[in-house]
1. Quick one: how many residues across region 108-123 are in contact (Cβ under 8 Å) with a residue 40 or more places away in the chain and not polar (S, T, N, Q)?
2. Residues that are within 24 Å of S23 (Cα to Cα) and of a type in the set (V, I, T): does region 107-127 have at least one?
3. Check S48 against each of (1) under 22 Å from I95 (Cβ atoms); (2) buried (at least 17 other Cβ atoms within 10 Å of the Cβ); (3) modelled with pLDDT under 90 and name the one condition it does not meet.
4. Check every one of the helices (runs of 4 or more DSSP H) wholly within region 82-199 and list those with 3 or more residues that are aromatic (F, W, Y) and modelled with pLDDT of 90 or more.
5. Please determine whether any residue of region 101-120 is under 10 Å from the mean Cα position of the chain (by Cα) and surrounded by 15 or more Cβ atoms within 10 Å (Cβ to Cβ).
Amino acid sequence: MSSRFNPQITYYNPQKKAESLFSIFLVGLFFPRRMFTGLPQAEGFKDSAVLLACYLAVPSILMTTTFGAVASSLAPNFFVGVLIFISILPISLAIGVSSSWLWAKYLSWTLSRLSGRVISTESVFQVCAYSGPPFVIAWGPYLGPVMALWNLLLNWKGLKHHCGVGYGLSFLAMFSGITLLALIMLVIFSVLFLLLPQNVNMLLESVEFIMSQRGWI
């Protein structure tokens, strides 16, 4: 039986950017299996990076208006504050896209060794890009952790239905990556706390403020 809600799948098209972004958003949230099964193979990273940046723009703009206001108020003068404010958006987008590329690189490397065949970084990064719709909703109160899990679920489905990797191997690769990331962050914060305790406390206070603004705590 076909579903009533059956939007036409339109994959990313630079000539019809708004239409394809909206279609991918709907299909990615409600019909991810169908979307990933018919997803054409990536030809490079450009289209995936643009698509992902568009979905990351919403939380990045929110970060600009919240964290940017705090950071600007701590600046030594007005001009430095303005510079900090206007630079947060492109920097946050660059961090989001590059961190997704590193995530794709890790998953590609891990899955290639677990499965015994080549899983290209381009294909995995494409999965990450098409898993971006939850980021649009992540700014809402209490929705951040839920949307983060939803994004990982879409990654998991994409690795299965687009890259042809079994659910078990996909879960193992993703779990190992999350564990490794948590350990790296723990080491970094431990070193920073030992060397710069005041700066770390200020950073934690800023993070706590942002999370409270978004309703995460």
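1. The number of residues fulfilling the criteria is 4.
2. The answer is yes, given that some residue of region 107-127 is within 24 Å of S23 (Cα to Cα) and of a type in the set (V, I, T).
3. Checking S48 against (1) under 22 Å from I95 (Cβ atoms); (2) buried (at least 17 other Cβ atoms within 10 Å of the Cβ); (3) modelled with pLDDT under 90, the one that fails is (3).
4. Filter on region 82-199 gives 167-195.
5. yes
The values are calculated or read from the model by the stated rules, or taken from the named source; none is laboratory data. Just so it is clear, the structure is predicted and the values come from calculations on it, not from any experiment. Reconstructed Cβ throughout: ideal geometry from the backbone, glycine too, with neighbour counts over all protein chains shown.
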